[in-house]
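Chemist: Before anything else, here's the structure in question.
The values are calculated or read from the model by the stated rules, or taken from the named source; none is laboratory data. Keep in mind it's a predicted model, so treat the numbers as computed, not measured. So basically every Cβ, Gly included, is an ideal-geometry build from the backbone, and we count neighbours across all protein chains shown.
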Amino acid sequence: MTALSPVTKTARQARIAEILGRAPVRSQEELAELLAACGVRVTQATLSRDLDELGAVRLRGRGGALVYALPDEPAGLRRGEDLRRGEPGTRRGEPVMPLGERPVSPEQHEAAADAGVLGRIAPELLVSAEASANLVVARTPPGGAQLLASALDHAGWESILGTVAGDDTVLVITREPGGGDKVAHALVRLAERRAAGKAGSRP
């Protein structure tokens, strides 16, 4: 199965970092074409802002042409460290709802998480989610996996047995043998819904 990527700023910037890390890119127009080939449409203004937030600079490549390069820790992907310290007014591990009132279906999961910690951090941390049988591999920016795993552990999703987190990858284990696909789609929808809500609230 192909990894699902939410239409969020974090996912888009992760794709930009991936492209710049594997191929020399000489212009924003070239980068926009490479993104479009991956299914990501972006305006010139948004792309310029993304490159600035990622800390991209133009350096002279081996052939003498100027190409975009990123620092070892792109500025736009450091959010994991900032978010790990917690947002004002929230506590790490804060439960979304009391035990005994936990949602059962993926739709109930999303409704409950939308107003909780998971709903607040999913648009910032979820880069992609790929399922296989009862497993989901969720990718985050560097340093974001622990926070996403903790939010999932405390969100009360009965369909999730547990999580294992590294630096930028969370392994989610579901209870049902084929439950990974539903959980992966639920996570992506949650990230997209909150991201769309934030965009719509801007003046």
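Chemist: If Arg41 satisfies every condition in (1) outside the structural domain of Thr174 (by TED's automatic domain parsing); (2) closer than 30 Å to Asp181 by Cβ; (3) modelled with pLDDT under 70 but one, which is the exception?
Modeler: The one condition Arg41 does not meet is (3).
Chemist: Please list, ordered by first then second residue, the pairs with beta carbon atoms under 8 Å, 6 or more apart or interchain, first in segment 162-184 and in contact (Cβ under 8 Å) with a residue 40 or more places away in the chain and not assigned by TED's automatic domain parsing to the domain that holds Ser132, second part of a loop (DSSP other than H, G, I, E, B) and exposed (fewer than 15 other Cβ atoms within 10 Å of the Cβ).
Modeler: Close Cβ pairs satisfying both conditions: none exist.
Chemist: May I pose another question? Counting residues that are at pLDDT 85 or above, which helices (runs of 4 or more DSSP H) fully inside segment 92-203 reach at least 1? If you could, list the steps in order and put the result at the bottom.
Modeler: Details: elements: 106-114, 117-125, 145-154, 180-200.
Output list reads 117-125, 145-154, 180-200.
Chemist: Any idea how many residues of segment 12-39 are surrounded by fewer than 17 Cβ atoms within 10 Å (Cβ to Cβ), of a type in the set (A, V, I, L, M, F, W, C) and within 20 Å of Val188 (Cβ to Cβ)?
Modeler: 1
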